[in-house]
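This report refers to the structure that appears directly beneath it.
Read-outs throughout are calculated quantities, based only on the coordinates presented, and are distinct from any laboratory measurement. The model shown is predicted, which means the values in this text are computed figures rather than measured ones. Reconstructed Cβ throughout: ideal geometry from the backbone, glycine too, with neighbour counts over all protein chains shown.
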Amino acid sequence: MDVTRIRSDFPILQKEIKGKPIIYMDSACMSLKPKQVIDAMLEYYEEFPACAGRSIHKLSHWVEESRRNARDEMKQFIGAKKSEEVVFTRNTTEGMNLVLNSFPLGPGDKILTTDREHNSSLVPSQLIAKRKGAEHHVVLSNSDYTFNMDNFLGAMTPDVKLISFVYSSNLDGYTLPVNEIIGAAHDNDTMVLLDAAQTAPHHKLDVRKLDVDFLALSGHKMLGPTGTGVLYVKEEHYDVLEPFMVGGDTVDWSTYDNHKFLDPPERFEAGLQNYASELGLAAAAKYLRKIGLDKIERHEQKLNRIVNDGFSEIENMHFVGVKNPDQRGGITAFNLGRLNCHDVAMIMNRNYGVMVRSGQHCVHSWFAARGIEGSVRSSLYLYNTGEEAAVLVEAAKEIAKLH
Ligand SMILES: Cc1ncc(COP(=O)(O)O)c(C=O)c1O
């Protein structure tokens, strides 16, 4: 993988801040954007800035056609059978909420989550269970923070109707054994909703092979524009979901006392959509596919090993979450002795130009259960280099001396 060439596609990486290069390691929150994505968005605004579908003029036709191509690109990116299984959303949170709010649950039913869910999965699960009189159960991890299959299988009682699991965690980059999980869930007639926000940017998705029922991802973590996402809904389940956000674009016809919904995906895409960003997202997916997700994943693991090896030499280094770099994506979460995680992140930025995230990363429940205040999180991606990983290690070594 030619990282130098890749870096030349990213306008922000050509800039400096106060004479220092930008060492960006916060991609789990928001990835940087290549010019191909920016150009795709500009094309919409400059060439056909009109409505899709609703009008019969030429500009509208072009938007419609571009959206169709964009949906097709996303179908390929996730390995879906049909483009109609791709619902455009604003982000993973919207996709998770859409499924959880629309799924038929009632008193006596159960939703399972893991103990390392992002709030986007945990909080709607808690809320929906409460509203519908269902129960919400949390599957606890092993003591080394890996997935505990026995706990999961023990929790898979016949009343479990839906599991809402994170595919790869934003806490530490750990990927769950989703094949086994989905197999066991289906044996129990339980449907599976996967939060793939941290998987889609790094790992080749194949929803058909996984046989997952629903899967949500965010475009902005995979080089796409901000506020973009996709929800995969398996064709066989279109009618399982009762649309919860309805109105413009979701409806075929209405009278004063009745209405008929459109077929999916439009049934689930309420109101005028973010066309420019959808085209940008498709450009991002195309860009990643062209490089190859397998190459990107290997590159990140190589960088992760540099970080892990260097960090392991630091005496008061505490890894947060799973320690084995081969079990993680580009994420490393850590604390340096008793130094406050925000202070560490601030010094990294100010003294070394290294941009990392600090805090609880929207997984407050996990930190609260363990009495940990937070962590520093570096998240590396295809544009990061071995030299940058070494700067991160050096910065951590120096800052650790302040302890
Ligand atoms: C694992 C995971 N799930 C869900 C989300 C929420 O993503 P978004 O804010 O794009 O909806 C994130 C964001 O960091 C995440 O890392």
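What is the sum of charges around Glu313, taking Lys and Arg as +1, Asp and Glu as -1, for the other residues whose C-beta is under 15 Å from the C-beta of Glu313? With Lys, Arg at +1 and Asp, Glu at -1, the neighbours total 0. Each peptide in 44-51, 141-148, 267-274 gets a packing score, the mean of other Cβ atoms within 10 Å over its residues, and the list from highest to lowest is 267-274, 141-148, 44-51. Ordering of 357-370, 87-100, 25-38 by packing is 87-100, 25-38, 357-370, highest average first (other Cβ atoms within 10 Å, averaged per residue). With 0.36 nm allotted per residue and the present C-alpha distance subtracted, the Leu153-Leu59 stretch has 28.5 nm of extension available. What pairs in Lys15/Lys323; Lys75/Lys260; Lys209/Lys290; Lys18/Lys290 have C-alpha atoms more than 30 Å from each other? Lys15/Lys323; Lys18/Lys290, as the Cα separations exceed 30 Å there.
Contact order, relative form, for the chain: 22 percent (alpha carbon pairs under 8 Å, 6 or more residues apart, mean separation divided by residue count). Each peptide in 238-249, 301-312, 278-289 gets a packing score, the mean of other Cβ atoms within 10 Å over its residues, and the list from highest to lowest is 278-289, 301-312, 238-249. With R₀ fixed at 35 Å, the C-beta to C-beta distance from Asn142 to Asp294 puts the FRET efficiency at about 0.80. I need the shape label for the stretch 60-177. Rule: rounded when a/c is under 1.5, else prolate if a/b > b/c, else oblate, with a, b, c from the alpha carbon gyration tensor. Judged from the Cα gyration tensor, the stretch 60-177 comes out prolate (a/c at least 1.5, a/b above b/c). Spin-label model, Phe261 to Arg208: label points 7 Å out along the Cα-to-beta-carbon direction sit 2.5 nm apart. For the stretch 112-200, the relative contact order comes to 31 percent (Cα pairs under 8 Å, sequence separation of at least 6). In this simple spin-label approximation, Asn188 and Ile17 carry label points 7 Å from Cα along the Cα→Cβ vector, and these lie 4.5 nm apart. Here's the picture: charge each Lys and Arg Cβ at +1 and each Asp and Glu Cβ at -1 in the stretch 38-290, and of Ala40, Ser143, Ala197 the one pushed furthest to the positive end of that dipole is Ala40.
Separation of the stretch 210-233 from the stretch 77-115 is 11 Å, based on Cα centroids.
Evaluated with a Cβ-only charge set (Lys, Arg +1; Asp, Glu -1), the stretch 38-290 carries a dipole of roughly 340 debye about its Cα centre, given to the nearest 20.
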